[in-house]
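Reviewing the structure listed below.
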Amino acid sequence: MIEGIEVAVDREAVVVTAREPLTVLSSAFVRGGLTAARAIVNLHVPKDLREDQADALLPRFTVRRAIPGPWVGLLTSAWTERAEVAHVSGRGLSAIAMVTVGLSNRVAAGTTPVAAWAPSTINAIVVVDGAAEPAALVNAVMTVTEVKAALLAAAEVRCDDGSMASGTSTDAVVVAATGRGAPHRFGGPISDFGWVVARAARAALDPGIRRWLAEHP
């Protein structure tokens, strides 16, 4: 779907590999922040995984699967084999979104109290065939988060106390760019870069959220 990008989805993980290093901004469990990476890994783990057990899992998995480094790593208790993958093109750009969705630990940001760490359950990865300045990547991460919150509201997903959910307790977002073409300065939802990110994220998150709700009435 994007030249030089491969996506593998199975019961162990969602793995994105790139022929050339990607510029990545993320809230990933391993190597989060602004970095360069040849791979992005979203690894399935048990819901009851403790934080002190988590650190060794991703390195062990990447070695076993011969995943090229450097890589960015996420953890999720959602079923990775049910990941939604969407490809969108427009405004001279194309993007692939890969999301895993689980809604068992719903939260409302700013009102839900502090709680123990848990593996991420809504993990969204978006790879754009284009170039972006760091600020545009930050803006694009915000854009993905806005899409997620809007879709949860549209589906009337609520927390246990009845308040509208904004996400789950430890969601993660990754936005990566191939670096091809002129760099984009903006990543908001009406910019060229942010528009394709938002469209791809929506195309993957919407069916993922609706499927989880249908399977957990």
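The values are calculated or read from the model by the stated rules, or taken from the named source; none is laboratory data. For clarity, every value in this text was computed on a predicted model and none was experimentally measured. Note: ideal-geometry Cβ built from the backbone for every residue, glycine included; neighbour counts use all protein chains shown. Remember, those area values only see protein heavy atoms, side chains included, never the ligands or the DNA or RNA. Shrake-Rupley method; radii C 1.70, N 1.55, O 1.52, S 1.80 Å.
A simple count of charges around R11, restricted to other residues whose Cβ falls under 10 Å of its Cβ and scoring Lys, Arg +1 and Asp, Glu -1, yields -2.
Computed over the chain with a Gaussian network model linking Cα atoms closer than 10 Å, the most mobile of F61, F193, F29 is F61. Built from the Cα atoms of the chain, the convex hull projects on average onto 11.2 nm², one quarter of its surface area.
Compute the whole-percent fraction of alpha carbon pairs in segment 100-217 spaced more than 20 Å apart. When all Cα pairs of segment 100-217 are counted, 43 percent exceed 20 Å. Taking only protein heavy atoms and a 1.4 Å probe, the accessible area of the chain is 54% carbon and sulfur. Accessible surface computed residue by residue for the chain, with neighbouring protein chains in place and a 1.4 Å probe, gives 46 Å² per residue.
Sum up the charges of everything whose Cβ sits under 12 Å from the Cβ of A165, counting Lys and Arg as +1 and Asp and Glu as -1, but leave A165 out. Once positives and negatives cancel, what remains is -1.
Considering only E81, E133, E156, the mean-square fluctuation computed in a Gaussian network model of the chain, springs between alpha carbons under 10 angstrom, is largest for E156.
Applying a length cut-off of 27 Å (Cα extent along the axis) and a mean Kyte-Doolittle floor of 0.0 to the DSSP H helices of the chain leaves 134-154, 192-215.
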